[in-house]
Structures are given as structure tokens and as C-alpha cells.
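Working notes for the structure below.
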Amino acid sequence: MRGQKIKVAFFIGSLNRGGTETLVLDSFRRQAEAPYHTILIYRNEGDLSDAYHATGVPMFQIKPKGLKLGYITKIRQLLRQEGVTVLHAQTLLNALLGIFCTCFSHVKLVASFHGFRYSFTERLKTHVVMWFANASIFVSEYVRDWYIKHTFLTPRNRCHLVYNGIDFSKFEKEYAVPDFLTKASSDSLSGMNWVMVGNFVKGRSQSFVCEVVNALVERGVSGFRLFFIGKRVVSAPERYDGCVRYCREHGLLDRNVFFLGGRDDVPAILQHADAFIYSSEHDTFGIAVVEAMAAGLPVVVNDWEVMKEITEKGNWATLYRTGDVADCVEKMEQLLLDLEANKRNARLLAAQVKERYSIQTHIQNLNKVYEAVV
């Protein structure tokens with residue numbers, strides 16, 4: 001391969017919107033800057049299909065019919081016809097399929113691990129993938145170390161850290177103030193507009209943030225507003241409904257706490273909000289937190305190990321003890337004492353955040369892994 005570009009086939013399931021699919025899409029949009037060639041192999045269309053096709057990356061839809069052997073054979077033929085040198089699987093299922101798609105061939109298998117696998121069966125499958133893959137990629141040191149600890153006979157020299165990449169160009173545009181923030185600025189309660197971004201799903205803890213807001217109001221903090229940006233999810237309706245019920249019972253609903261549902265103008269929201277708060281029960285990376293820091297917002301987040309990692313041990317954000325309402329309230333009050341100074345400092349730190357977590361850095365780090373296996 002000396003003197004030639006590596007050719008990588010990204011292997012995913014559907015083109016529906018999700019963290020993994022958005023990451024791959026953002027890297028495709030920067031394909032001209034990538035030191036490797038790219039194609040996409042996928043099974044099903046989705047709500048990101050048009051965006052994927054617009055990137056110009058060659059796309060091949062292969063859907064399994066009947067026996068999986070025919071599906072694997074078609075992929076092996078495609079890899080050979082396209083001169084692919086690396087098959088990069090983005091899910092555990094695709095990585096397992098990738099073992100059969102690449103065995104007894106020159107094509108190398110790279111597997112990405114975006115989340116945890118807790119059950120015995122899933123961990124056994126994970127071990128099989130990590131053993132046969134030429135390289136395993138993890139989105140944080142925290143995730144990598146967890147997998148090394150919870151799988152057996154792990155080939156550590158094939159475990160690589162590649163942080164998720166974000167296309168920060170969307171934060172460099174000038175946006176009009178979102179409608180709800182315009183209304184808030186003209187209201188008698190205006191002053192401090194905080195946001196939390198993320199759907200109401202298992203893992204996030206918007207209920208904790210509601211308790212914090214209530215504690216702030218009880219302590220006499222005035223002009224404080226929190227806007228939840230995120231959908232009510234059918235599979236976990238109580239996550240959303242419980243928060244709404246709590247806020248209604250405590251007189252916070254539509255006064256101090258607002259539920260805005262899913263929105264596609266998050267960059268504009270982050271550009272014009274005053275600060276960002278986040279609470280989770282577990283995380284593997286924290287894209288919403290990184291985006292808020294990159295947008296130059298003061299960020300308050302709980303002190304999970306992965307949050308310490310992505311905030312440079314708390315140098316880029318304010319960490320509070322997980323689950324400790326009083327500690328979070330105290331940290332927020334300290335930040336609010338001189339909010340403008342904290343906003344200026346956050347804007348200065350944003351450049352460091354962008355340098356580490358940009359999609360360009362992600363692409364370069366992926367290429368290092370590809371070169372290592374090829």
C-alpha cells in the first residue's frame with residue numbers, strides 16, 4: 001500500500017438518525033480532507049439517506065435475504081470488486097458479520113465500540129470480535145479500559161482510542177436568536193437561560209436537574225430558566241412524564257422549566273443560551289457536553305470518569321458530585337455569581353475543545369489505525 005491511499009468500507013445497518021450514523025455522516029462530508037478513500041455498505045434506508053447521498057461517497061445497499069451466507073458472499077464480492085483494504089464495522093452485529101466477510105482475504109477488519117455490552121452473551125460476542133478484528137476502536141479511555149477489564153484474553157495492542165469527532169463548522173455561523181429565547185429575554189423573569197440537550201432516555205437524568213432547579217428557586221435565585229431540548233421516547237415515557245409531573249407539582253412548569261421537545265436548531269440554541277447543565281446515570285462519551293463546551297458555554301456536569309476525561313479533569317467545565325443536589329446547586333450558584341466572566345472564560349477554552357474533538361482530528365486518528373493494520 002506504500003504510495004497508495006487506503007480504501008475503507010464503512011459498514012453500518014440503517015441510515016436512521018443516531019450518534020453513530022451522524023458521526024459517519026460528518027466524516028463523509030469531509031471526505032476530500034481524508035487521507036483514505038471511502039465507500040459505504042448498509043442494509044436499510046432511513047431519515048439520513050438524502051444527507052448521505054449528498055456527500056458523494058459511493059454507497060452500496062445490500063440487504064440479507066434468506067440464508068446469511070448469500071449476504072456475506074455479496075459483501076465479499078463487493079469488497080474485492082472495489083479494492084477495499086479495510087472494512088470498518090460500526091456495530092457489534094456488523095463486526096460479527098465482518099469476521100466472515102474478511103476471513104481468508106487481504107481485507108482487514110476494524111470494529112468500533114460506541115457503547116457498553118453488559119449481558120454475558122453480548123460480552124462473549126464482543127470478545128470474539130476483539131479477538132478476530134485487526135483493530136478495535138473505543139470512543140474514550142473509559143470505554144476502552146472497561147472492555148479490557150470485562151473481556152478475557154483481550155489483545156491490548158489492538159485496542160485503540162479514537163475520540164468521536166464533531167463538525168464544529170455549524171457553531172461558527174451567526175444564528176438568529178431562537179424563538180423561545182427571544183420570548184425569555186423580554187419576560188420579567190429573564191436573566192439566566194440554561195439548557196440541557198438530550199432525549200429522555202435511560203442513562204440521562206433530567207429528573208435530577210429538575211430537583212436542582214427547584215432547590216435554586218427555593219434558595220431565592222431569581223431570573224433562572226432551564227430549557228430541556230429532547231424528545232419524549234415511547235420506550236421510556238416515564239422519564240419525560242415524571243419530570244413534567246414534578247415540575248407541575250412544584251410550580252416550575254412553564255415558569256422556570258420548559259420542555260421544548262426535539263429540535264434541529266441546537267447550534268443556534270447553544271450560541272444564544274447562557275449556560276449548559278448535564279446529568280447522566282452512565283455515559284460513554286458525551287457529545288452534547290462537548291458541543292456545549294465547543295460553543296463557548298459554561299458547562300456544569302456530573303463527575304463520572306468519562307466526564308472528567310472529556311472535560312480535561314474539569315478544567316473545561318464545572319464538575320459536581322453525581323447525584324448530589326446540594327453540591328450541584330452550590331457549583332451553579334458559584335458560577336452564577338459572575339456569569340459573564342465565566343462565559344468569557346468558556347469562550348477562550350472552546351478552541352482547545354475544538355482541537356481535540358473536531359471531525360478533522362477524528363479522521364486523522366482513524367487513518368493512523370488504518371495504516372497500523374494495513
- Note on the structure: The ³J(HN,Hα) series, computed from each phi in the stretch 215-223 with the Karplus coefficients 6.51, -1.76 and 1.60 at θ = phi - 60°, rounded to the nearest Hz and given as x for glycine or proline, is 5, 5, 4, 5, 7, x, 6, 9, x
- Express the C-alpha Rg of the stretch 249-312 as a ratio against the empirical globular expectation 2.2 N^0.38 Å, rounded to two decimals. 1.24
- Item | Global geometry of the stretch 1-86, whether rounded, prolate or oblate, following the gyration tensor of its Cα atoms and the 1.5 cut on a/c | oblate
- Calc'd 3J(HN,Hα), the stretch 13-27, phi into Karplus 6.51 cos²θ - 1.76 cosθ + 1.60 (θ = phi - 60°), Hz, glycine/Pro = x, comes to x, 10, 9, 6, 5, x, x, 5, 5, 5, 4, 5, 4, 4, 5
- Query: Nearest 0.05, what FRET efficiency do D264 and A236 give at R0 = 22 Å with Cβ-Cβ as r?
  - Reply: 0.50
- Item | Cα shape, the stretch 48-113, gyration tensor, a/c 1.5 rule | rounded
- Note on the structure: With R₀ set to 30 angstrom, the calculated FRET efficiency between the beta-carbons of E305 and F60, to the nearest 0.05, is 0.15
- Once you have all Cα-Cα distances for the stretch 189-263, histogram them in 5 Å bins from zero and send the whole-percent values. 3, 17, 30, 26, 14, 7, 2, 0
- Query: Looking at the stretch 169-357, what % of its DSSP beta bridges pair antiparallel, to the nearest 5?
  - Reply: 5 percent
- Note on the structure: Here D for the stretch 277-373, in µm²/s, from Stokes-Einstein with a Kirkwood Rh over Cα pairs at 4 °C and 1.567 mPa s, works out to 91 µm²/s
- Label E355 and W131 with points 7 Å out from Cα along Cα→Cβ: what is the distance between them in nm? 4.3 nm
- Task: Provide the FRET efficiency to the nearest 0.05 for the R255-R156 pair, computing r from the beta carbons and using R0 = 56 Å.
- Result: 0.60
- Task: Grab the eigenvalues of the alpha-carbon gyration tensor for the stretch 133-253, scale each by 5, take roots, and send me the semi-axes largest first in whole angstrom.
- Result: 38, 21, 13
- Whole-number D in µm² s⁻¹ for the stretch 169-357, Kirkwood Cα-pair radius fed into Stokes-Einstein, 20 °C, 1.002 mPa s: 130 µm²/s
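Highest first, please rank the peptides 230-239, 284-293 by the mean number of other Cβ atoms sitting within 10 Å of their residues.
Ranked by mean Cβ neighbours within 10 Å, highest first: 284-293, 230-239.
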- Would you please classify the overall shape of the stretch 41-187 from the alpha carbon gyration tensor, given that a ≥ b ≥ c denote the square roots of the eigenvalues, rounded means a/c under 1.5, and beyond that prolate means a/b larger than b/c while oblate covers the rest? oblate
- Message: If each DSSP helix of 4+ residues adds -39,500 (n - 2.57) and the sum is divided by the residues in the chain, what number results at 222 nm, nearest 500 deg cm²/dmol?
- Response: -13500 deg cm²/dmol
- Task: For each pair in K183/K331; K149/K343; K65/K108, compute the distance between the two Cα atoms and list the pairs where it is over 29 Å.
- Result: K149/K343
- Query: Pairs K7/K313; K7/K125; K74/K354; K202/K313: which are spaced more than 30 Å apart, C-alpha to C-alpha?
  - Reply: K7/K313; K74/K354
- Message: Could you give the length gained by full extension between Q334 and H106, i.e. 0.36 nm per residue of separation minus their alpha carbon distance, to one decimal place?
- Response: 76.3 nm
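Values quoted throughout were computed directly from the atomic coordinates according to the rules given, and no laboratory measurement underlies them. None of the values given here were measured: they were computed from a predicted structure. In this analysis, Cβ positions are derived from the backbone assuming ideal geometry, glycine residues included, and neighbour counts consider all displayed protein chains.
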